[in-house]
1. Sort Leu131, Leu168 so that the residue with the fewest other Cβ atoms within 10 Å of its own Cβ comes first and the one with the most comes last.
2. Cα to Cα, under 20 Å, and not fewer than 8 places away if on the same chain: which aspartates and glutamates meet these conditions relative to Lys169?
3. Would you please classify the overall shape of segment 50-170 from the alpha carbon gyration tensor, given that a ≥ b ≥ c denote the square roots of the eigenvalues, rounded means a/c under 1.5, and beyond that prolate means a/b larger than b/c while oblate covers the rest?
Amino acid sequence: MKTSKVAHIIAICFCMALFGQFAQSEQHGVKTQPTGSVKNQPVKNQPVTAFAVGVESVTANGKKLNMDKGDTYKGSCPVNLVINFLVEASAPTTIKYHIVRSDQPTKAQAPEKVKVPQGNINVIVPYPWSLGANIPQFQNYKGSVTLVVDSPKSEVGSTSQVGAGFDLKCDQAIITPSNKHN
């Protein structure tokens, strides 16, 4: 019998504490917003920020590669890669970015732009790259592509970037003696 009285007293104290917390949060006309109901609403007069979120997918000749598992493309070359990057901004804006490739092309990659229609949503930025002739030099090729956000900055003076690596194993055409002409 004593145990049930103690349990009742604890339950009453707990309810009173919850009620007191609720009443305190509602005092002076201040209404609290449930946590998790609105994702980071932009505050007026704060600068718009943007950042690279991640890589949504990598496909090689239409085959999706699972980068988390270290998938390797095996098949015919040249390979048409498509890397889908994800970017986000704190408010509607245009994000300026550039691409850095592992093959370091001699021609500088031109800056690109993507429009972000509303804040705090992921926007896909596709980057297509066709590479790898069907020659021994490209039979096994490892490379990477990185998206670098130029503006707006994620923080004052900082750079936001995200990259994707890939591994290609191209099938080689076999030349047999019957293919030779005298």
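Since every read-out is calculated from the coordinates, none of them should be taken as a lab result. Computed from a predicted structure; not experimentally measured. Ideal geometry is used to build each Cβ from the backbone, glycine not excepted, and the neighbour counts take in all protein chains shown.
1. The most exposed by this proxy come first: Leu131, Leu168.
2. Partners found: Asp68, Asp71, Asp103.
3. Prolate is the answer for segment 50-170, as a/c is 1.5 or above and a/b outweighs b/c.
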